[in-house]
Amino acid sequence: MSNTADPVSYLDYQGRHKGILGWILSTDHKRIGILYMISMLSFFGVGVILGLLMRIELLMPGMTIVTPRVYNSLFTLHGMIMIFLFIIPGLPAVFGNFFLPLQIGAEDVAFPRLNLASWWIYMLGAAVALTSLFVGGGAPDTGWTFYVPYSVRSGTNVTLAVTGAFILGFSSILTGINFITTIHRLRAPGMSFTRMPLFVWTLYSTAWIQILATPVLAITLLLVIAERTLGLGLFDPAKGGDPILYQHLFWIYSHPAVYIMILPGMGVVSEIIPTFARKDIFGYKAIAISSLLIAFVGYLVWGHHMFTSGISDTARWIFSLLTFLVAIPSGIKIFNWVATLYKGSIDLRPPFLFTLTFIFLFSIGGLTGLVTGALATDVHVHDTYFVVGHFHYVMFGGTGMAFLAALLYWWPKMFGIMYNEKWIWRSWAFIFVGFNMLYFPMLIQGWMGHPRRYYDYVPRFHATHIVATVGSWVLVTGLLIFAITLFRSFKSRVPAPSNPWGGRTLEWTTTSPPPLLNFTQIPTVTRGPYEPAPTPTGGETS
Amino acid sequence: MKEQQSLSYGSYVLVWLALVVLTSVTVTIAGMHLGALSIATAIFIALIKGSLVVYYFMNLKNEDVMFRVMLLVALVTLTVIMVFTFFDISFR
Amino acid sequence: MSVQAASPATHHKDHTGARIGMWLFLFTEILLFGGLFLLYSVYRSTFPEDFHYAATHLDTLVGTANTLILLTSSLTVVLAIAALRRNNRKLCTIMLSVTILAGLLFMVNKYFEWHHKFDIGLYPNSKELLRRAPGENLFYGLYFAMTGIHALHVIIGLGVLSVMLWIVAHKPKKTITVGPLQSDRLSLVEDQRGAVWTHEGEGEIAEAVVTLVYKSNEEINDDTWSKLENSGLYWHLVDVIWIFLFPLLYLIT
């Protein structure tokens with residue numbers, strides 16, 4: 001036992017188990033967060049490779065490298081891995097796990113063992129889903145949405161893949177239960193709900209969606225399994241069933257799930273902006289409430305995924321109208337962020353750079369969302385590349401960029417080391433250019449009528465496909481530089497101070513990396529999350 | 001939980017008796033062929049029975065108000081899902 | 001000062017927190033069955049006559065009996081919890097046993113009910129069902145899905161309650177955990193193995209061999225209460241879901 005001034009960090013703490021067991025059996029929320037991060041980024045890598053393969057196939061009309069059958073599996077797996085393994089659990093499981101207790105001044109989450117179980121269940125689900133690639137009828141080729149009747153008829157391994165998604169849902173639910181209980185029970189003394197950091201607010205909203213929406217997907221997937229194995233006929237028109245009801249049930253989950261993906265990203269942005277604008281956040285309560293509003297409105301709009309599937313006209317205009325409601329809480333957030341930046345003392349460091357990128361790309365995603373949300377225009381662009389482009393602008397440009405921003409913002413806290421900021425800037429240039437080269441042409445193609453998920457295309461789309469494919473290479477180059485820069489920080493080991501960016505939330509008051517129980521003494525909170533401390537520490541002004 | 005109230009054995013038995021009576025009522029009404037009214041009464045009685053179990057047996061009675069708010073959120077969500085699906089089904 | 005905190009320590013015994021967690025889990029169950037109820041209401045509104053006719057093959061008597069059995073088991077489990085609160089372990093054990101027996105009886109009835117359906121050719125994807133009107137096939141599809149998933153929950157509940165019965169019957173220890181006491185800079189934190197870490201003043205940490213756990217023959221510790229209460233919550237929810245399944249499936253002839 002040492003007598004040094006600093007407490008032993010969670011990275012060095014020697015618990016009951018040594019080595020790798022000390023990680024995969026640890027109930028420490030920080031270690032679990034890192035576990036999620038490693039596993040998730042690995043799956044993300046696989047997803048990226050699948051995406052690259054798809055782009056190479058589309059470089060030329062006709063067959064380039066794979067057969068149509070394999071192409072169908074490629075986009076199915078790319079979607080499944082990216083959505084179920086990366087972007088839905090992404091921010092809550094990695095940064096939520098690591099920083100929720102730190103931000104509310106708690107020692108751990110409410111149910112640490114359940115938390116570890118969530119990770120194991122996540123890995124089990126991932127293993128089952130990935131096994132479906134290699135055994136039996138081959139990789140599923142239904143698209144990530146598993147639409148019936150094809151998912152019931154397909155000879156590929158849909159049953160196993162769906163089982164994997166079902167198990168992953170369990171993990172998501174347990175994480176949600178854990179977070180809500182933690183937020184209700186373990187806030188530090190003085191931390192009222194209106195003193196919680198905004199990231200916590202978004203995690204809270206997200207957790208509610210996880211709890212109330214995921215079970216609907218669970219039962220839907222169970223019924224698909226039952227349909228394939230027992231032939232219940234609930235979705236089979238030949239037996240009286242209605243396939244459109246599958247779409248209803250699927251989107252009752254999957255639309256709110258879109259907010260599971262984006263809300264924590266918005267939370268990260270709300271953390272980073274006041275830190276790098278050196279200001280208190282503008283409109284704290286409005287931003288906090290807007291998270292809950294987005295979560296609620298998310299339940300009212302799922303029908304906009306089904307405008308062309310044959311639902312009633314009444315349902316179509318109601319869902320279209322309600323879809324525009326989402327713009328209100330989203331707008332509240334954007335305007336308050338901008339108002340926070342106004343007259344701020346802006347410090348353009350890498351986390352903030354990626355946050356600005358988030359706002360830019362997400363805005364394009366949001367504006368194209370108006371096109372797809374409006375009934376009249378959606379009928380034209382439905383199931384075209386326009387939707388693919390829109391989705392990637394929202395998900396990768398939104399959540400993906402927020403993930404990268406969070407990684408940069410909290411990296412010093414998680415590992416106690418700084419990275420080379422110059423190289424992050426360089427990687428950003430590649431990522432930004434490559435991203436827009438890759439996805440903007442999709443918007444154009446879709447507008448011109450190029451259907452999504454097609455293996456082949458007519459020559460007039462050739463030029464835009466070439467731009468997009470080259471863009472994918474630029475983008476991946478940027479991501480590689482980004483990853484290598486972070487990896488190299490482990491070698492150069494430039495120590496990070498406890499508060500490198502001048503953040504004001506609680507995680508910056510403890511050491512980098514934090515000790516096992518986060519704080520040497522549980523803090524008492526006397527001010528809002530982004531208000532400056534009464535006695536300025538680092539000569540910072542507000 | 002020491003801080004938590006518990007009802008007496010007798011009151012639990014009373015609740016159970018009410019549940020049994022309601023069950024026989026619902027079975028009797030179902031036998032009377034009331035048409036559209038029979039499903040309404042059946043669901044109404046099921047709601048009463050469910051509330052009795054939740055309120056007394058599951059001790060919602062003595063829980064913090066937050067538990068009720070949370071339950072309400074879950075039930076409202078379920079209702080919204082049902083109603084909105086029927087925007088499609090009823091007008092096809 | 002140097003603080004080596006113990007392993008994910010102070011696993012605080014927050015019983016309210018545990019109950020919040022359990023209720024949240026029950027919400028997921030409600031929404032899980034909610035998906036089935038949604039399908040049911042849609043198909044019933046589409047094929048009202050078929051549903052009525054199909055339901056005539058269900059045995060209302062068995063359904064009613066099973067309803068009463070589950071209601072009674074809900075009563076006994078709540079009595080078991082009340083008994084434990086009053087430290088009446090014997091009554092608690094009896095009531096838990098009755099609950100488990102009732103649950104088993106429910107499953108036996110269910111088995112014969114399903115068995116009978118299979119005998120007369122009513123099972124998923126059977127020729128008999130496919131021959132009939134589409135609404136009847138859907139009714140039976142829902143019947144098997146709903147009662148099947150419900151039965152699965154009964155089985156899980158029985159498992160949970162059996163574990164609780166075992167715990168209650170085996171006289172758990174009353175555990176006392178002290179600390180962390182910050183006022184005098186002494187902290188005693190129990191780690192996962194039950195060893196106690198102490199820390200005093202500015203000095204080092206020593207692993208004490210004393211474990212502050214002592215047995216008591218009569219008193220049940222708070223943890224057992226909390227666990228039994230949460231198991232009870234789960235069992236009640238299974239009952240509540242049956243309360244809705246029963247009229248929707250059995251009473252619509």
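The values are calculated or read from the model by the stated rules, or taken from the named source; none is laboratory data. From a predicted model like this one, the values you see are computed outputs, not experimental measurements. When we count neighbours, we look across all protein chains shown, and the Cβ atoms used for this are built from the backbone with ideal geometry, even at glycine.
Numbers below:
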| item | result |
| --- | --- |
| Only listed residue being more than 10 Å from chain C (Cβ to nearest Cβ) and within 14 Å of the chain's Cα centre (by Cα), chosen from B:Ala46, B:Ala40 | B:Ala40 |
| Filter pass, A:Thr485 being touching a residue at least 40 places away in the same chain (Cβ under 8 Å), within 24 Å of A:Phe354 (Cβ to Cβ) and among the β-branched types (Val, Ile, Thr) | yes |
| Filter pass, C:Ile149 being within 14 Å of chain A (Cβ to nearest Cβ) and β-branched (Val, Ile, Thr) | yes |
| Restricting region A:46-73 to residues that are surrounded by fewer than 20 Cβ atoms within 10 Å (Cβ to Cβ) and farther than 17 Å from A:Trp473 by Cα, the residue that is nearest to the chain's Cα centre (by Cα) | A:Val70 |
| Residue within region A:501-509 that is among the acidic types (Asp, Glu), surrounded by 16 or more Cβ atoms within 10 Å (Cβ to Cβ) and over 18 Å from A:His390 (Cβ atoms) present | yes |
| Qualifying residue in region B:65-86 (condition: in a loop (DSSP other than H, G, I, E, B), surrounded by fewer than 14 Cβ atoms within 10 Å (Cβ to Cβ), on the phi < 0 side of the Ramachandran plot and out of contact with any His (no Cβ under 8 Å at 6 or more places or on another chain)) | no |
| Condition check for A:Leu203: more than 12 Å from chain C (Cβ to nearest Cβ) and under 21 Å from the mean Cα position of the chain (by Cα) | yes |
| Answer residue from region A:91-105, given it is of a type in the set (Phe, Trp, Tyr) and more than 11 Å from the chain's Cα centre (by Cα) and is nearest to A:Phe199 (Cα to Cα) among those | A:Phe99 |
| Count of region C:228-248 residues which are facing another protein chain (nearest Cβ under 7 Å) and over 23 Å from B:Ser24 (Cβ atoms) | 1 |
| Criterion violated by A:Ala238 - all others in (1) at negative phi; (2) touching a Lys or Arg at 6+ places or on another chain (Cβ under 8 Å) satisfied | (2) |
| Residue match in region A:496-506 (condition: more than 14 Å from chain C (Cβ to nearest Cβ), farther than 28 Å from A:Thr142 by Cα and in a helix (DSSP H, G or I)) | yes |
| Among residues of region A:281-315, those that are more than 30 Å from A:Gly503 (Cβ to Cβ) and touching a residue at least 40 places away in the same chain (Cβ under 8 Å), counted | 12 |
| A:Ala161 in a helix (DSSP H, G or I) and buried (at least 23 other Cβ atoms within 10 Å of the Cβ) | yes |
| Which listed residue, of A:Ala161, A:Ala213, A:Ala238, A:Ala207, is within 30 Å of A:Arg504 (Cα to Cα) and of a type in the set (A, V, I, L, M, F, W, C) | A:Ala207 |
| One residue from A:Arg69, A:Arg16, A:Arg31 being basic (Lys, Arg) and assigned to a loop (DSSP other than H, G, I, E, B) | A:Arg16 |
| Every residue from region C:122-136 that is surrounded by 20 or more Cβ atoms within 10 Å (Cβ to Cβ), touching a residue at least 40 places away in the same chain (Cβ under 8 Å) and among the hydrophobic types (A, V, I, L, M, F, W, C) | C:Leu122 |
| Region B:21-52, subset out of contact with any helix residue (DSSP H, G or I) (no Cβ under 9 Å at 6 or more places or on another chain) and among the β-branched types (Val, Ile, Thr), residue modelled with the highest pLDDT | B:Val21 |
| Enumeration of residues in region A:315-344 that are loosely packed, with under 15 Cβ neighbours inside 10 Å and not in a helix (DSSP H, G or I) | A:Tyr342, A:Lys343 |
| Single unsatisfied condition, C:Val78 versus (1) away from every other protein chain (no Cβ under 11 Å); (2) within 15 Å of the chain's Cα centre (by Cα) | (1) |
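For every residue, the table says whether it meets (1) under 22 Å from the mean Cα position of the chain (by Cα); (2) within 22 Å of A:Leu475 (Cα to Cα).
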| position | (1), (2) |
| --- | --- |
| A:Gly33 | yes, no |
| A:Phe44 | yes, yes |
| A:Pro89 | yes, no |
| A:Ala110 | no, no |
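Table: residues versus (1) farther than 18 Å from C:Trp166 by Cα; (2) in contact (Cβ under 8 Å) with a residue 24 or more places away in the chain; (3) within 13 Å of chain B (Cβ to nearest Cβ).
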site: C:Ala82; (1), (2), (3): no, no, yes
site: C:Cys92; (1), (2), (3): no, yes, yes
site: C:Met95; (1), (2), (3): no, no, yes
site: C:Met107; (1), (2), (3): yes, yes, no
site: C:Lys117; (1), (2), (3): yes, yes, no
